[in-house]
Amino acid sequence: VEPQRPPVRQPKQSANLTLPPVDIAAIGVAGYRRNLQDDQAIAFSTSLYEIDHLIEKQLADQEDDQQVQERLPEAYKDLADVFSKAASDTLPPQRPYDYKIQLIDSTTDALSFSPLRHQSTDELRAVKQYLIENLHKGFIEASKAPFAAPILFVKKPNGSLRFCIDFRKLNDLTRKDQYPLPLIEETLARLRQARVFTKLDIC
């Protein structure tokens, strides 16, 4: 299905809050400007497109949660929130620490930009779908940076496309962390007596 083009301003995800009743009134330009002079006034806008999108998303999340409950074994019912689609579509709360990538040379000429690679029709559709979904979630935002990294796709075993970004130029300019990585031979040696293994795919 061809994804619909989103409006210029994207709806942002908000925390679940208990809000007071809302009074709606139509006012003119003069009244609007007068209300804006109040220090406690907050101005924002919405559209039917955004409202419809959020309603559809909430209904889809409820269906996903019901499917998870039905498929989970009884012993794991109390862990259903781990598989919540709604939770995975929301950014975690901001922590006290923000990570910053240190660059050896942060000038625009050093970072430069890369041209787009040739994409098939299916890949272009996947790009559009990825951008629309992640703009709606608030995971990404529009950028006017003077540099950019190219995108590419890797096919998953099930035939779907994995969205990837080629950060090799950025990696070349990154100040490396010299903390030593564990030796593979030593790590495997410590696992030789193990009986249970867990695989975690973070991509």
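The values are calculated or read from the model by the stated rules, or taken from the named source; none is laboratory data. Computed from a predicted structure; not experimentally measured. All Cβ positions, glycine included, derive from the backbone under ideal geometry; neighbour counts span all protein chains shown.
For the reader, a short list of remarks on this structure follows.
- Yes/no for Ser45 being loosely packed, with under 12 Cβ neighbours inside 10 Å and either polar (S, T, N, Q) or modelled with pLDDT of 75 or more (or both): yes
- Residue check, Leu131 at pLDDT 85 or above, farther than 30 Å from Lys57 by Cα, assigned to a helix (DSSP H, G or I) and hydrophobic (A, V, I, L, M, F, W, C): no
- Applying the condition of being surrounded by 10 or more Cβ atoms within 10 Å (Cβ to Cβ) and at pLDDT 85 or above to region 105-121 and asking which residue is nearest to Ile151 (Cα to Cα) yields Gln119.
- Residue match in region 140-149 (condition: modelled with pLDDT under 85, aliphatic (A, V, I, L, M), touching a strand residue (DSSP E or B) at 6+ places or on another chain (Cβ under 9 Å) and surrounded by 13 or more Cβ atoms within 10 Å (Cβ to Cβ)): yes
- The residue that is nearest to Lys100 (Cα to Cα), counting only those in region 148-186 that are of a type in the set (Asp, Glu) and assigned to a loop (DSSP other than H, G, I, E, B), is Asp177.
- Annotation note: of Arg5, Arg71, Arg9, the sole residue that is of a type in the set (Lys, Arg) and modelled with pLDDT of 70 or more is Arg71.
- Test for Lys77: is it closer than 30 Å to Gln58 by Cβ, at pLDDT below 85 and exposed (fewer than 14 other Cβ atoms within 10 Å of the Cβ): yes
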